[in-house]
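Novice: Structure in structure tokens, see below.
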Amino acid sequence: MNTDHTPALDPRRDVAGLLALELAPGSAIARDALTQADAARLATLLGRDLGALAPQARELDLCLAAAHFDPAEALRPGWPLHRRLAELQARAPGKDAGARIIAFGMDAAGAVPQPFAADPALRGGSLRVLPFLLRGDADVAGAVGEAFEARLLDAGMVQADTALLAQDAFGTRIEHARYLTVHDLAAMVALQYEHLGLAPLWPLIETALLSPAGEAVLDAPPEPLARYAGGEARIALFAPAAWRARYAPDGDDEARLRQQFAHFEMRQKQFAAVLGAHGIDVTFVDAGGDTAATEL
């Protein structure tokens, strides 16, 4: 949700993308963000790479946050990381000097500015992403956006010197590096969630991302009952008797029913944690065995 009052992205003139770094197995990443000098060098190489993929990209401002995030942090309603880049781009000097390359790294004290400080609870994954934004003339941005949607997923490999700079500057080992649109990343995460058994939850996340004013429900026993609407997810909270009435009306094995209910409660917590990682507010709502998802 856009709760910090920064301007929304303008799809007519903004192209939101990511530099995705897949770390080598067992590799940690030493630095949360780059120095300003390294950030500027990396942004320059990004500009070259993106211009080779879509030449008109050279006509747009390029803004890079040289800090890495979990994919879930980049896939939040309102696209807050990219929205902050748009806000900083609007404040940057030199608007009349042609297309600019603008990079944001650590401050002079070596700290990561708050807008680009990753959630420490979401560190440790093997895929880290750096958000970038291209902004400018609507016709040019539209053409570049279309080109990126058509090409990046298949042909968006990062040039070797760009990947090497990122590897050395962040202090890690990179297995693969590629450019993605936010929609490419969403498709990748949806597939990952399917492999992790979280596919039933994805329609709620997708609605929050692409149609935040819309509605989606999860009503697929034995999964938890949930509804996304009004910018938040509401998950039904059942007492044991209500859960039995809804999910196991014919059950008579008490030990097995207790085990199933405990698993159900863990599943609810798992869903709430995933939604929270995507910046979606979660409310648990007391429900009866016959409560409909639309009543949450």
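The values are calculated or read from the model by the stated rules, or taken from the named source; none is laboratory data. All of these numbers come straight from a predicted model, not from anything done at the bench. No Cβ is skipped: glycine too gets one built from the backbone with ideal geometry, and neighbour counts run over all protein chains shown.
Novice: So how many residues does segment 219-232 have that are farther than 8 Å from F271 by Cβ and buried (at least 20 other Cβ atoms within 10 Å of the Cβ)?
Specialist: Number of matching residues: 3.
Novice: Filter segment 147-168 for residues that are hydrophobic (A, V, I, L, M, F, W, C) and farther than 16 Å from A66 by Cα; which is farthest from the chain's Cα centre (by Cα)?
Specialist: A160
Novice: Looking at V112, V182, V158, can you tell me which residue is among the β-branched types (V, I, T) and touching a Pro at 6+ places or on another chain (Cβ under 9 Å)?
Specialist: V182
Novice: Where in segment 184-286 are the helices (runs of 4 or more DSSP H), entirely inside, with at least 1 residues that are more than 28 Å from P71 (Cβ to Cβ) and not assigned by TED's automatic domain parsing to the domain that holds A121?
Specialist: 240-247, 254-277
Novice: Another question about this same structure. Out of all the residues in segment 145-183, which are without any contact (Cβ under 8 Å) to a residue 60 or more places away in the chain, of a type outside the set (A, V, I, L, M, F, W, C) and within 23 Å of R135 (Cβ to Cβ)?
Specialist: Scanning segment 145-183 gives E146, E149, H183.
Novice: Name the helices (runs of 4 or more DSSP H) wholly within segment 22-134 that hold at least 1 residues that are without any contact (Cβ under 8 Å) to a residue 60 or more places away in the chain, out of contact with any Gly (no Cβ under 9 Å at 6 or more places or on another chain) and under 23 Å from G276 (Cβ atoms)?
Specialist: Passing ranges, in order: 80-91.
Novice: If we keep just the residues of segment 246-273 that are of a type in the set (G, A, S) and at pLDDT below 95, which is nearest to S211 (Cα to Cα)?
Specialist: A248
Novice: Checking K269 against (1) under 27 Å from Y193 (Cα atoms); (2) among the charged types (D, E, K, R); (3) touching a residue at least 24 places away in the same chain (Cβ under 8 Å), only one condition comes out false. Which one?
Specialist: Here K269 clears every test but (3).
Novice: Being charged (D, E, K, R) and buried (at least 17 other Cβ atoms within 10 Å of the Cβ) is the filter here, so list the residues in segment 85-141 that pass it.
Specialist: Result: R100, R128, R135.
Novice: May I pose another question? With respect to G171, determine if the residue is over 18 Å from the mean Cα position of the chain (by Cα), assigned by TED's automatic domain parsing to the domain that holds H263 and more than 30 Å from A248 (Cβ to Cβ).
Specialist: For G171, the condition - over 18 Å from the mean Cα position of the chain (by Cα), assigned by TED's automatic domain parsing to the domain that holds H263 and more than 30 Å from A248 (Cβ to Cβ) - is not met.
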